[in-house]
Amino acid sequence: MLLLLLSLALLFIVWWKSIPSSKFREAGSTIPGPKAYPVVGNLFNFKLTGPSALKHWERYTKIYGNTFRIWIGPHLQIFTIEPDDIQTIFSSKMSTKSNSYKALESWLGTGLLISNGNLWHQRRKAITPTFHFKILESFVPIFYKCGIILVNCLKEKVGKVPFDITPYMSNCALDVVAETAMGTEVKAQTNPHDEYPKSVLRMTKLLADKMYNPYWNLLEPIYTLLGKKKEETDLLKLLSTFPLELLKRKENEKNNHPSSRENGENKNIAFLELLVRIKETKNPAFKSEQDIKDEVVTFMFEGHDTSSMALVYTFWLLGLHSEIQEALFQEVSQTLVGKIPSMEDYHKMDLLNRVLKESLRLYSPVPLVSRMITEEIVLPGSGYRLPAGTQVVVSMYSLHRRADLFPEPEKFNPDRFLEPIKHPFAYVPFAAGPRNCIGQKFVMLELKVIVSLVVLNFEIHSSNKNLKLTRDILLRCLNGPNVSLTLRK
């Protein structure tokens, strides 16, 4: 009898918590969207994660238009690919990171990706100078060195059967971010560090489900009983151990070689060192060692995982389009051969820039972002009135495939960027507005260096013409992609 009463009480709590407020019900009734069910909303007939998510986005956009509503349990969410609406959401001071990102706090703490309010403003202001072009320029030798190591590792695959390039890109990106963020080498490419990338992959899958299921926190005993809590805890240990090991290694290097910088060695200033200097100025954005750790962990996740997936999709696309690859080879060889490249050399290569932009259009590593409205607004494109507290999901993946904005949207065509984009918020692979990706120039420069080196040394041939995509926090590939390589003479 007691168990029955407890079960009924739990069901009542779930039901009570699942009733949207009147302002959300009223707003939701005016916006088209799929049928929502009591308690669960659209949890079972609209997917935001997993292999079927991308098809759901495409299907419902065709049915309900460029801006429609879904219910994630009791929470009203607006799904939009309307540039005018996106501009309002991204540019408005009346929007902030949505509550769904709180699921990442156990991992990323108060890092820039998920912090809000005054803390975010302080962090953003403090960190922005660390991405100054002079500092980015100092990172070019690191990008180049890691790219050369990648080329040497890939030479072992020349003339052999097609292989999955993802682990190679992951280890290269890990080498890059470890040396630029932490100022120390991990040599993941020559001594593969599989544990960290695998843990990131498992964690993003786990937390993506938690982000878009409002009942995991409400029904915490079930989350624990299913083993998800233990899995999250175990992954957190692994994901925090690696950065801490690098921090200790960096401290030992400084203690063992205290005068290396004075002697002119190690002129590159790592992201970690820059944050420490900021903290030493008594900046309120960084009051403790934990504040620094949270930002470094955030930078390592974003700098590693997003970069590696961007490289994967770019090389696969080039492997499908030999004529574009050959034109890129000509540009790269004419610009880089016979000299030590500078940041200016990479900026000069227009086709390389357009290839990367087109790759990011088709396969943006972050396929959607979410914002929360803090004050009532009216979306100018669709005309819908949204109350404060509404979550708005912007799908870059779907937006970038609108045929009216990008003719023949499924076609890989870098030349489309020879013409101005039809709307300033039609192409947003790094988001836009005040909360755009602070590291986008870092990422673009990294991609330019590594892609140019690989194209300079190999002809790439993609063996699978269609990708099986899935979405957790990032856009991932379930079938490789697999490529074969031929050494250029």
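The values are calculated or read from the model by the stated rules, or taken from the named source; none is laboratory data. Every value quoted in this text rests on a predicted model; they were computed, and no experiment measured them. Note: ideal-geometry Cβ built from the backbone for every residue, glycine included; neighbour counts use all protein chains shown. To get the accessible areas, we keep the full protein, side chains included, count just its heavy atoms, and leave off ligands, DNA and RNA. Shrake-Rupley method; radii C 1.70, N 1.55, O 1.52, S 1.80 Å.
Helix 440-457 axis versus longest C-alpha principal axis of the chain: approximately 50°, rounded to the nearest ten. In the assembled protein chains, W71 presents an accessible area of approximately 30 Å² (probe radius 1.4 Å). Taking the C-alpha atoms only, the angle from helix 195-211 to the longest principal axis of the chain is near 20 degrees.
Amide H contacts for V392 (H built 1.01 Å from N in the peptide plane; partners 5 or more residues away or on another chain; cut-off under 5 Å): I78, R371, M372, I373. Working from Cα pairs under 8 Å separated by at least six residues, relative contact order for the range 63-158 is 12 percent. Between N436 and E375, full extension at 0.36 nm per residue minus the direct alpha carbon distance yields a gain of 19.9 nm.
Taking every C-alpha pair closer than 8 Å and separated by at least 6 residues, the mean separation divided by the residue count of the chain gives a relative contact order of 26 percent. Note that the chain presents 45 Å² accessible area per residue, ligands and nucleic acids not counted, probe 1.4 Å. Solvent exposure of K357, expressed as accessible area, is near 60 Å², computed with a probe of 1.4 Å over the protein chains only.
Across the range 356-483, Cα-Cα pairs more than 26 Å apart make up 33 percent of the total. Among the listed pairs K157/K468; K62/K465; K155/K205, those with a Cα-Cα distance over 28 Å are K155/K205.
The charge dipole of the range 290-430, taken about its Cα centre with unit charges on the Cβ of Lys, Arg, Asp and Glu (plus for the first two, minus for the last two), comes to roughly 300 debye. Mean separation of Cα pairs under 8 Å and 6 or more residues apart, divided by the residue count, gives the range 336-489 a relative contact order of 22 percent. Using 13 Å as the cut-off for backbone N distance, which residues of the range 38-82 belong to the label zone defined by a point 7 Å from the Cα of S21 along Cα→Cβ? 75-76, by backbone N distance to the label point.
When the chain is described by a simple charge dipole with +1 on each Lys and Arg Cβ and -1 on each Asp and Glu Cβ, the residue from F412, G319, M396 located farthest towards its positive end is M396. Applying 1/(1 + (r/R0)^6) with R0 = 30 Å to the Cβ-Cβ distance of E323 and K348 gives a FRET efficiency near 0.90.
Counting protein heavy atoms only, the chain has 56 percent of its accessible area on carbon and sulfur, 1.4 angstrom probe.
Across all Cα pairs in the range 57-181, the calculated P(r) in 5 Å bins from zero up to the longest distance comes to 2, 8, 10, 12, 12, 13, 13, 14, 10, 6, 1, 0 percent per bin.
What the Cβ-Cβ distance of E419 and R249 gives, at R0 = 51 Å and to the nearest 0.05, is a FRET efficiency of 0.60. With only Cα atoms counted, the range 345-405 has Rg and Dmax values of 16.4, 49 Å. In this view, the solvent-accessible surface of C437, computed with a 1.4 Å probe and all protein chains in place, comes to about 40 Å².
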